[in-house]
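Notes for the one structure printed next.
The values are calculated or read from the model by the stated rules, or taken from the named source; none is laboratory data. Values in this document were obtained by computation on a predicted structure and should not be read as measured data. No Cβ is skipped: glycine too gets one built from the backbone with ideal geometry, and neighbour counts run over all protein chains shown. Surface areas here come from the heavy atoms of the whole protein model, side chains and all, with no ligands, DNA or RNA. Shrake-Rupley method; radii C 1.70, N 1.55, O 1.52, S 1.80 Å.
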Amino acid sequence: MEFLPMLLIPGVVLLAPVLLTALVLRYRRARAEMRYEFLLKLAQSGVAVPPMLPGEATQPPSDLRRALVLLAGGIGLSLTLLVLPLHYHVGRPLAELWGLGLLPMALGLGYLTHWFLSRRGGGHG
């Protein structure tokens, strides 16, 4: 029974972002369906479809945003593993796995470097 809290708390913490992502994706899907139904009704009624269709506002991919998300995620993962008082495999502390956060941090640093160099006009050729 002592394993139940050790599994339940991280399970709830990890399930919250999954549920939030599912809600956001469901909302986006509903909006897209409403937009397509509107365009279908326009086409069926014989109205000329305007050249500027109402659509999703898309932003160009941002290396700065990716860098900050990956850096924050890597730091958060490392700190989480350091402070959780859990043990794995015959009493070894989970804090030994803090290095797993280094991969997203390194990727974030790479994106940050790319953003910085491309903003300065360097890094091309």
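Descriptive notes on the structure:
- Count of segment 70-105 residues which are open to solvent by 60 Å² or more (accessible area, probe 1.4 Å) and part of a helix (DSSP H, G or I): 12
- Selected residue (criterion: modelled with the lowest pLDDT) from residues of segment 106-125 that are loosely packed, with under 14 Cβ neighbours inside 10 Å and in a helix (DSSP H, G or I): 120
- Among (1) within 23 Å of the chain's Cα centre (by Cα); (2) open to solvent by 100 Å² or more (accessible area, probe 1.4 Å); (3) touching a residue at least 12 places away in the same chain (Cβ under 8 Å) - the single one residue 14 does not satisfy: (3)
- The set of residues from segment 43-68 being surrounded by 15 or more Cβ atoms within 10 Å (Cβ to Cβ) and either at pLDDT 85 or above or within 22 Å of residue 97 (Cα to Cα) (or both) comprises 66, 67, 68.
- Candidates 74, 99, filtered to the one that is out of contact with any helix residue (DSSP H, G or I) (no Cβ under 7 Å at 6 or more places or on another chain) and either under 20 Å from residue 112 (Cα atoms) or modelled with pLDDT of 85 or more (or both): 99
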